[in-house]
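Peer 1: Just passing along the structure, written as structure tokens.
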Amino acid sequence: MGAVPVFSTIANPNQEIQQQREPTENQAVSSNAEEQVDDEDSDVEESNHPAFEDIPDNSIPGLLGHPASETPLVCEDPSLKPHGLTWTRVESISMDECTAQPKHTVINFPMGIVPDVDNIYSMWSLFFPYCIMDSCIKSTSERLQKKKYQGTTENELEKWFGITLARTLFERQGRDLWRSEFYSQSCCLPAAFGIRYGMSRNRYDEIQSCLQFGTFSDEQLLENPWLPVQCFIDGFNATRVKYVNPGTYLLIDEIMSPWLGLDADYAMNGVPHRTKIERKPKGIGVELKAVCDCMSSIMMQLEICEGALRQSQKKYEDQYGSGTAVTLRMTSSWHGKAHIVVGDSAFSSVATAVALKQNGTYFVGIVKTASKMYPKQFMQTHHFEERGAHIALSATVQCNKVFAVSWLDGKRKDLVSTCGTTLPASPAQRTRQQVVVSSTSGVKTRPYIRYTPRCNIVASFFDNFHKIDVHDHLRQGVLKLEQHWLTKNWVHRLFATLIAVVATDCYFASKLLYPHQMSELPFLQYIDKLAFQLNNNELYSGRCTRSSTGSEASSIIRPAIHTLKPIHTLPEYSKKQNQKRRMSTENCEPYNYRARRRCVVCGTKAASYCDTCYVLTGGTVLGMCNSGTGRDCLAKHITCTLQA
């Protein structure tokens, strides 16, 4: 959405309207024939739509400064006035209501974190809500100590997260993951988690059974039964607002945390509210409303669907319907910033579009059941000439322009929008199979791509509405953390879902920052690297080990990520190395030059340097032994940096 030209003002609007109200005879006949509506096929009640004999002057929408060229119908059509809102047919919408420049997703790394494609731990440190880690360590340690177990620390919890993610990479589960001997009659190597990660199965089970995010009294849980997970949701939302600036489009949809266990209606320790959505692959469980950045597919906001009674007590519920209210709540952090919200039928309505427009945010969504004030009957009875054709209407609601667009693609799609144009956009592409009969090979199918024309408003919706579904596919269909972490505690099931969301967000953030390197890295290999770095967090994090009570901990995220790179990659060394290689080739001598510097820890010649210190100090090259030498120079360097 680039710069938008200034709309011209009609010199004499009354004369313009008078000319429009006096069409020629041919225009009147063609308009009446085109806009006939079959009342028998209509599924919208018309008892509240009286017929009008005259068209008063104030009922015709003004054209002052509006980019759409409107063609008012000669005869008043009741289907064009649903619930008293008058809609007008427009031939085209040539100028966009949204005049803001396109936005790109920006990830704001705090001081001390240097992003690196090989250091996935930096992404985890950014996206995991470490603001709740203190209360998590304290409450979990208290439960462990009540059972006569040792309290936990932050490094140990991160190792536990890494092992939990690593479990999704193996088909075997349970104690088989801790076996170090080879399986009989199997080619699979033993997982040997105990030897590999340094945490026994008993210790892992102890932490899992006592894991919680806070300690709450019975009175608090009676008032709000979602408190055990609400603190994680609040920290998740605050972290996203602080560190991620979303792009132009925001998508609102729902995700599911599958749960087939106990329900609070039948058990005291059951989940407070369970939702059943038939169309979902895993449609029984806890429903969460989600807002996603369409450019990066990073989850920006989450909200638990707490049941009809508790939902009715939330903000905006007394003023709007549930779909409009939840949309306003979850996008409130970006009101007034000219973002475009994309919503499916659960959130789309004329009321949602107008409410967001009044808060400085645009909207485009598909309308199905929430059709109040929407010309659904007129759209459904309109006859399209061919596939890809569309029709556009406009209306003014509280001084806000709203557009209704119906597009034919197999089935008609009815959209409502407060921005966009009807100018041609990139066509919709779908792969189809064609049956081909050949005299030599017989009958076979041949794939081909079918192109369907579409306008800008249609393209802006269908290019973005699937982003959360892609996120869900990786989280539930590939990672499958909920299937590997079997539990009878609904809090732990929701925690498994949230951990999977954080890990998937790290993957999408890395793809946004490093598109070329990440294009060849599958999702599960990324999870493998993330699990490894979490289990070896002392090499990647600058945080000191916290006490078991969490009393000495600080809630400020300050990881000092130190990464090593080869010295010959530096410009001053690569030039010298190329000269040495060229001289060796000219003199027919073996090439044995290798750029090295003295390690600042042990003094041995090293072929690596600390890239983090190189960036922070403005070009100082600190030689460092890498892990392949068997020396722990990097860990000692991190410790010395913290003490300094």
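The values are calculated or read from the model by the stated rules, or taken from the named source; none is laboratory data. Everything numeric here is computed off the predicted structure, so don't read it as measured data. Methodologically, a virtual Cβ is constructed for each residue, glycine included, from the backbone with ideal geometry; neighbour enumeration extends over all protein chains shown. What goes into the accessible areas is simple: the full protein's heavy atoms, side chains included, and nothing from ligands, DNA or RNA. Shrake-Rupley method; radii C 1.70, N 1.55, O 1.52, S 1.80 Å.
Peer 1: Does region 319-349 hold any residues that are in a loop (DSSP other than H, G, I, E, B) and not hydroxyl-bearing (Ser, Thr, Tyr), and which are they? If you could, list the steps in order and put the result at the bottom.
Peer 2: Narrowing region 319-349 to residues in a loop (DSSP other than H, G, I, E, B): 319-321, 331, 335-339, 344-349.
Answer for region 319-349, where residues must be in a loop (DSSP other than H, G, I, E, B) and not hydroxyl-bearing (Ser, Thr, Tyr): 319, 321, 335, 336, 337, 338, 339, 344, 346, 347.
Residue by residue, here is whether (1) in contact (Cβ under 8 Å) with a residue 40 or more places away in the chain; (2) part of a strand (DSSP E or B) holds:
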residue: 392; (1), (2): yes, yes
residue: 396; (1), (2): yes, yes
residue: 401; (1), (2): yes, yes
residue: 413; (1), (2): yes, yes
residue: 421; (1), (2): yes, no
residue: 431; (1), (2): no, yes
residue: 436; (1), (2): no, yes
residue: 446; (1), (2): no, yes
residue: 449; (1), (2): no, yes
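Peer 1: While we're here: Go through (1) surrounded by 14 or more Cβ atoms within 10 Å (Cβ to Cβ); (2) in contact with a helix residue (DSSP H, G or I) (Cβ under 8 Å, 6 or more places away or on another chain) one by one and return the number of the condition residue 192 breaks.
Peer 2: Evaluating residue 192 over (1) surrounded by 14 or more Cβ atoms within 10 Å (Cβ to Cβ); (2) in contact with a helix residue (DSSP H, G or I) (Cβ under 8 Å, 6 or more places away or on another chain) leaves (1) as the failure.
Peer 1: Does residue 378 satisfy the criteria of being touching a helix residue (DSSP H, G or I) at 6+ places or on another chain (Cβ under 8 Å), buried (at least 22 other Cβ atoms within 10 Å of the Cβ), modelled with pLDDT of 95 or more and under 22 Å from residue 454 (Cβ atoms)?
Peer 2: On the way: touching a helix residue (DSSP H, G or I) at 6+ places or on another chain (Cβ under 8 Å): yes; buried (at least 22 other Cβ atoms within 10 Å of the Cβ): yes; modelled with pLDDT of 95 or more: no; under 22 Å from residue 454 (Cβ atoms): yes.
No: the conditions fail for residue 378.
Peer 1: Would you mind telling me which numbered condition in (1) in contact with a Gly (Cβ under 9 Å, 6 or more places away or on another chain); (2) charged (D, E, K, R); (3) modelled with pLDDT under 95 residue 223 fails?
Peer 2: If we test residue 223 against (1) in contact with a Gly (Cβ under 9 Å, 6 or more places away or on another chain); (2) charged (D, E, K, R); (3) modelled with pLDDT under 95, just (1) comes out false.
Peer 1: Okay, next question. Given (1) in contact with a Leu (Cβ under 6 Å, 6 or more places away or on another chain); (2) part of a loop (DSSP other than H, G, I, E, B); (3) not polar (S, T, N, Q), identify the lone condition not met by residue 229.
Peer 2: Among (1) in contact with a Leu (Cβ under 6 Å, 6 or more places away or on another chain); (2) part of a loop (DSSP other than H, G, I, E, B); (3) not polar (S, T, N, Q), residue 229 violates only (2).
Peer 1: Same structure again: Could we say that residue 282 is of a type in the set (Lys, Arg), open to solvent by 10 Å² or more (accessible area, probe 1.4 Å) and in contact with a Cys (Cβ under 8 Å, 6 or more places away or on another chain) here? Steps first, answer last, please.
Peer 2: On the way: of a type in the set (Lys, Arg): yes; open to solvent by 10 Å² or more (accessible area, probe 1.4 Å): yes; in contact with a Cys (Cβ under 8 Å, 6 or more places away or on another chain): no.
So residue 282 does not fit the description; no.
Peer 1: Could you check residue 595 against (1) over 30 Å from residue 533 (Cβ atoms); (2) at pLDDT 65 or above and say which number it fails?
Peer 2: Failed condition: (1).
Peer 1: Pick from region 492-535 the residues that are among the polar types (S, T, N, Q) and either buried (at least 19 other Cβ atoms within 10 Å of the Cβ) or within 14 Å of the chain's Cα centre (by Cα) (or both): which of them is farthest from residue 469 (Cα to Cα)? Walk me through it before giving the result.
Peer 2: Of all residues in region 492-535, those among the polar types (S, T, N, Q) come to 497, 504, 510, 517, 519, 525, 533, 535.
Restricting the remaining residues to those that are either buried (at least 19 other Cβ atoms within 10 Å of the Cβ) or within 14 Å of the chain's Cα centre (by Cα) (or both) gives 497, 504, 510, 533, 535.
Values: 497: 15, 504: 12, 510: 19, 533: 28, 535: 30 Å.
The residue in question is 535.
Peer 1: Inspect all residues belonging to region 467-485 and state whether any of them is modelled with pLDDT of 90 or more, in a loop (DSSP other than H, G, I, E, B) and under 26 Å from residue 247 (Cα atoms). Give the derivation first.
Peer 2: The first filter runs over region 467-485 and keeps only residues modelled with pLDDT of 90 or more, leaving 467-485.
Narrowing the set further to residues that are in a loop (DSSP other than H, G, I, E, B) leaves 480, 485.
If we keep only those that are under 26 Å from residue 247 (Cα atoms) as well, we get none.
So far as region 467-485 goes, no, none of its residues is modelled with pLDDT of 90 or more, in a loop (DSSP other than H, G, I, E, B) and under 26 Å from residue 247 (Cα atoms).
Peer 1: Among the residues of region 120-161 satisfying the criterion of being charged (D, E, K, R) and closer than 17 Å to residue 534 by Cβ, which is nearest to the chain's Cα centre (by Cα)? Walk me through how you get there before you give the answer.
Peer 2: Initially, region 120-161 is screened for residues charged (D, E, K, R), giving 134, 138, 142-143, 146-148, 154, 156, 158-159.
Filter once more, so that each one left must be closer than 17 Å to residue 534 by Cβ: 154, 156, 158-159.
Details: 154: 27, 156: 29, 158: 24, 159: 26 Å.
Across region 120-161, the extreme among qualifying residues is 158.
Peer 1: For region 276-329, which positions are farther than 29 Å from residue 483 by Cα and among the charged types (D, E, K, R)?
Peer 2: Listed by number, the residues that qualify are 310, 314, 315, 317, 318, 329.
Peer 1: Quick test for you: out of 290, 267, pick the one residue that is free of Cβ contacts under 8 Å to residues at least 60 places away in the same chain, out of contact with any Lys or Arg (no Cβ under 7 Å at 6 or more places or on another chain), of a type in the set (Gly, Ala, Ser) and not in a helix (DSSP H, G or I).
Peer 2: Values: 290 fails: free of Cβ contacts under 8 Å to residues at least 60 places away in the same chain.
After ruling out the rest, the residue left standing is 267.
Peer 1: Follow-up question, since we're still on this one. Please go through (1) at pLDDT 90 or above; (2) assigned to a loop (DSSP other than H, G, I, E, B) for residue 352 and return the number of the only condition it doesn't satisfy.
Peer 2: Single failed check for residue 352: (2).
Peer 1: Another question, if that's okay. Considering only residues that are surrounded by 16 or more Cβ atoms within 10 Å (Cβ to Cβ), touching a Ser or Thr at 6+ places or on another chain (Cβ under 9 Å) and not small (Gly, Ala, Ser), look in region 306-331 and name the one that is nearest to residue 274 (Cα to Cα).
Peer 2: By that ranking, first place goes to 311.
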